[in-house]
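Here is the structure we will look at.
The values are calculated or read from the model by the stated rules, or taken from the named source; none is laboratory data. Worth saying up front: this structure is predicted, and the values here are computed from it rather than measured. As a convention, Cβ positions derive from the backbone with ideal geometry for all residues, glycine included, and neighbour counts pool all protein chains shown.
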Amino acid sequence: MSRPGGQALPADGTDPEGRSGPGGLLEKLLAAVRPEFRTDELVFEPGDPVFGGQRCRIAGCGSAMQARGLCHAHYARWHDNGQPDLDHYIATAGPVNRDRPARHERQVDLGKLGRQLKLEMQYALQQRRGHSQGKTHPNTVQRAVSVLAASGAVSILDLTEAAWAQKLPRRGDHARALLITARREVEDLHEGGCRWDTEYLRDLWRLRALGVPGQQPSVRFGQIPQPWLKALAKRWTRWRVTTGGRSDAAYQGLRAITRFGQFLAASKVPVQGLGQVDRDLLERYLAVLQHELAGKADHAKYIGSLNAFLAAIRRHGWDDTLPATAAFYPEDYPKARRCASTGNGRARSTPAAKLSPSARAARSATPPGPGTSSRGQPRHCPTGTASCRQ
Ligand SMILES: [Zn+2]
């Protein structure tokens with residue numbers, strides 16, 4: 001027995017990384033996979049919340065929808081009847097008398113997988129059923145299973161995420177995403193949970209699995225072109241969510257950094273590092289934002305989030321090359337949405353990044369007034385707390 005890549009397993013069958021034996025991965029899998037998933041052929045009901053599909057719209061049918069809102073049998077009957085008005089047909093058609101029970105259209109065959117790989121996939125699918133938010137078509141699962149079976153791997157952990165992704169190179173391929181998620185589920189089980197030290201290195205962080213509250217289950221860093229900017233974005237995001245921030249705010253912040261990174265990548269003057277991010281460059285970015293987003297609600301959020309990012313770098317000393325001039329000012333924000341409750345003119349001319357802690361606290365304590373949201377935070381307030389959290 002050998003691993004892909006030529007690394008031989010010890011002759012006694014023990015695993016160098018503790019995946020078999022007492023307390024190893026195999027034992028954890030055996031304990032974790034429930035009986036309904038521990039079978040070679042997984043059959044899913046049409047109404048399965050994750051692996052099922054929509055049902056036929058004919059009352060009392062219940063079969064899986066295939067086309068035009070109808071199951072295979074009802075579609076065939078509608079077609080054979082000359083394709084009458086569909087709504088009328090759905091309202092009046094009766095159940096189909098089947099000679100044979102309806103074929104189980106939603107099934108996954110795991111028979112070609114070795115023992116451990118099969119258990120791992122069963123576990124991953126069980127987990128997916130447990131906390132997936134969307135539908136996964138069994139055909140997608142079957143494609144992922146075929147890749148696993150053809151790989152020669154003993155465990156899904158034998159290959160890195162990148163190596164599995166290479167086997168299904170098309171970005172956006174659901175089977176590719178399923179394989180990567182399955183590997184993470186198995187790795188979490190192996191390591192005893194989703195952990196910051198493994199997640200931090202990745203370009204997709206499962207914030208919900210890390211216990212971060214909020215609507216966004218995950219955030220992505222892969223669209224930030226510059227490694228130095230991505231590294232700072234990760235540091236900022238981790239700091240925010242580990243100090244009580246919500247995943248939604250982290251997501252908004254990353255959108256802003258990603259957009260800024262893409263602006264830098266398209267710049268005629270190459271930007272090699274944070275040391276070149278000065279006021280001049282930010283003003284050019286403001287012009288691009290004005291051109292692309294003028295009048296849109298997101299316009300102020302992109303500025304506010306980037307300003308909060310730069311302020312955090314400066315405040316925590318994450319990168320001392322950041323020029324002192326790299327900050328946005330209240331006047332930089334779109335005029336139409338300027339907050340009406342940000343205090344007097346002197347305060348309005350002070351960049352948010354340079355406010356003292358006491359001044360920030362005073363700002364936070366500003367009572368709700370005109371232009372404030374129902375939660376008491378100023379809407380798109382250029383110098384207040386709302387923009388810093390976006
Ligand atoms: Zn039907």
Being outside the structural domain of LEU157 (by TED's automatic domain parsing) and under 21 Å from the mean Cα position of the chain (by Cα) is the requirement here; does THR181 meet it? no
Restricting region 66-84 to residues that are aliphatic (A, V, I, L, M) and near the ligand (Cβ under 8 Å from one of its atoms), which is surrounded by the most Cβ atoms within 10 Å (Cβ to Cβ)? LEU70
Could you check ALA300 against (1) under 27 Å from the mean Cα position of the chain (by Cα); (2) more than 25 Å from ALA249 (Cβ to Cβ) and say which number it fails? (2)
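Which one of these is in contact with a strand residue (DSSP E or B) (Cβ under 8 Å, 6 or more places away or on another chain), buried (at least 16 other Cβ atoms within 10 Å of the Cβ) and under 23 Å from ASP319 (Cβ atoms): LEU254, LEU264, LEU281?
Residue meeting the stated conditions: LEU254.
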Count of region 27-47 residues which are within 16 Å of the ligand (Cβ to nearest atom) and either buried (at least 18 other Cβ atoms within 10 Å of the Cβ) or not charged (D, E, K, R) (or both): 2
Are any residues in region 117-136 more than 19 Å from ALA209 (Cα to Cα) and touching a Lys or Arg at 6+ places or on another chain (Cβ under 8 Å), and if so, which ones? LEU119, GLN122, THR136
What are the pairs with Cβ atoms under 7 angstrom where one residue, in region 48-63, is at positive phi and buried (at least 19 other Cβ atoms within 10 Å of the Cβ) and the other, located anywhere, is of a type in the set (A, V, I, L, M, F, W, C) and at pLDDT below 85? Sequence gap at least six, or different chains. none
Considering only residues that are of a type outside the set (S, T, N, Q) and more than 9 Å from the ligand (Cβ to nearest atom), which ones fall in region 48-59? ASP48, PRO49, VAL50, PHE51, GLY52, GLY53, ALA59
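Which residues, counting only those in region 94-116, are within 16 Å of the ligand (Cβ to nearest atom) and either at pLDDT 90 or above or surrounded by 15 or more Cβ atoms within 10 Å (Cβ to Cβ) (or both)?
Hits for region 94-116 are VAL96, ALA102, GLU105, ARG106.
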Total residues in region 117-168, condition of a type in the set (S, T, N, Q), buried (at least 21 other Cβ atoms within 10 Å of the Cβ) and at pLDDT below 95: 1
PRO217 vs. criteria within 30 Å of GLN54 (Cβ to Cβ), in contact with a strand residue (DSSP E or B) (Cβ under 9 Å, 6 or more places away or on another chain), modelled with pLDDT under 95 and of a type outside the set (S, T, N, Q): no
